[in-house]
1. Taking the highest mean first, how do the peptides 357-364, 232-239, 265-272, 322-329 order by number of other beta carbon atoms within 10 angstrom per residue?
2. Once each part is reduced to its C-alpha centroid, what is the distance from the stretch 324-366 to the stretch 270-313 in angstrom?
3. Can you say what percent of the DSSP beta bridges in the chain, counting only those with both residues inside, are antiparallel? Round to 5.
4. Along the charge dipole of the chain, pointing to its positive end and built from +1/-1 on Cβ of Lys, Arg, Asp and Glu, which listed residue (Gly338, Leu55, Gly293) has its Cα farthest out?
5. Loop-only check: which GluC sites (Glu not before Pro) in the stretch 48-106 are DSSP coil with at most 14 other Cβ within 10 angstrom?
6. Could you bin all the Cα-Cα distances of the chain into 10 Å bins starting at 0 and give me the percent of pairs in each, rounded to whole numbers?
7. If you count the DSSP beta bridges with both ends in the stretch 210-364, what percent of them are antiparallel, to the nearest 5?
8. Which residues does a label at Leu274 reach in the stretch 303-329, if reach means a backbone N under 16 Å from a point 7 Å past the Cα toward the Cβ?
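Read-outs: derived from the displayed coordinates by stated rules, not from any lab. The structure displayed is predicted, hence computed values, not measured ones. Positions of Cβ are backbone-derived with ideal geometry, glycine not excepted, and every protein chain shown enters the neighbour counts.
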Amino acid sequence: MQRLGVIVNPIAGMGGRVGLKGTDGPAILARARELGAEPVSGARAARALAELRRLGPAVLAAPGSMGEQACAAAGLACEVVETGEATGAAATRAAARAMLGGGVDLLIFAGGDGTARDVLAEVGTQLPILGIPTGVKMHSAVFAQNPAAAGRVAAAFLEGRAATQEAEVMDLDEDALRQGRVSARLHGVARVPQERALMQAGKSGAAIPDEAALEALARRMVTEMQPGRLYLLGCGTTMRRIKRALGFAGTLMGVDVALDGRLLAADVTEAQILRLLDQAPATAILGVTGGQGFLLGRGNQQFSPAVLRRLGRENLVVVAGQQKLAALDPACLHVDTGEAALDAELAGYIAIRTAPDRSAMLRIAA
């Protein structure tokens, strides 16, 4: 019988919808809770684990909200390992050590880049790992595209249908992000199941030749903005070009709202967006995560299912450099909103603006 290790970071992703870029550190977690943030990782982990119920693997899980509860919700019996800590990085590392010593064949964890970094620090390349994407920052190539995909990848590996390959573990400095700077670091290489169609790629930057076209496009889009209409501008360097064309610096890794050519609200939360949508019609302008092809669910969780349903697919505008799109492999886009039904509704071809008078059609994968 194959043995599976399960670790859940119970606070991963809580900062997303409230615009906090992550939940590293007790002060940021406290602020997230003050803003009404709720845990999301346990439910997402349970969705992934439910895909494994038919296999009935032997499961070692971290205690309580760090894994045991998600296993119970998915209908998987588990043996609980001791961590010595209730939650946190130290508990994650202790659980990873216990699972390495317990001879698990695959360690599946729910979290973001910080959790991946903690797991890697203990198991290195000795043990294959797989990430269920539940954090705010997920630039590492160890994550599946969504929770259900993570479960299918794990099943393929446990059934001997998937080999392993090397994948980079990256992490961004959250404090630097809050100051408008991107500071990424490679923490190492992990072994992950080789299921290309279901795994996300590592984050990559935009190619330099795209810059002139995107600068011109940003200026054109500003002239096209309608009076009295809200423009929800997503995160990333492509969106920052539009913000600067409007005359403000904007938030690099956050959502800003413009109205009538000026900044109306900076670094907004899900709740703030919903209140603004009561006041005026709106368009959301989104970038594409380089190398991964994600539109939603990677660092822009403020665009929650509630927000997206209020907006409607017809009010989503996508902007990306032509070379960034050409580098996507496979050549499609992805969404991970947290609701499978909504992901399916968003699937299909969508126009992507690449220059003032150019656009490309790309498919959002179901």
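1. Working: 357-364: 14.2, 232-239: 24.6, 265-272: 19.2, 322-329: 16.9.
Ranking, from highest mean packing down: 232-239, 265-272, 322-329, 357-364.
2. Each part's Cα centre sits 14 Å from the other's.
3. 45 percent
4. Positive-end residue among those listed: Gly293.
5. Within the stretch 48-106, the qualifying GluC sites (Glu not before Pro) (loop, at most 14 other Cβ atoms within 10 Å) are Glu82.
6. Spelled out bin by bin, the chain gives 5, 26, 34, 22, 10, 2, 0 percent.
7. Once the DSSP bridges in the stretch 210-364 are tallied, antiparallel ones form about 55 percent.
8. What the label zone holds, given the 16 Å backbone N cut-off, is 303-312.
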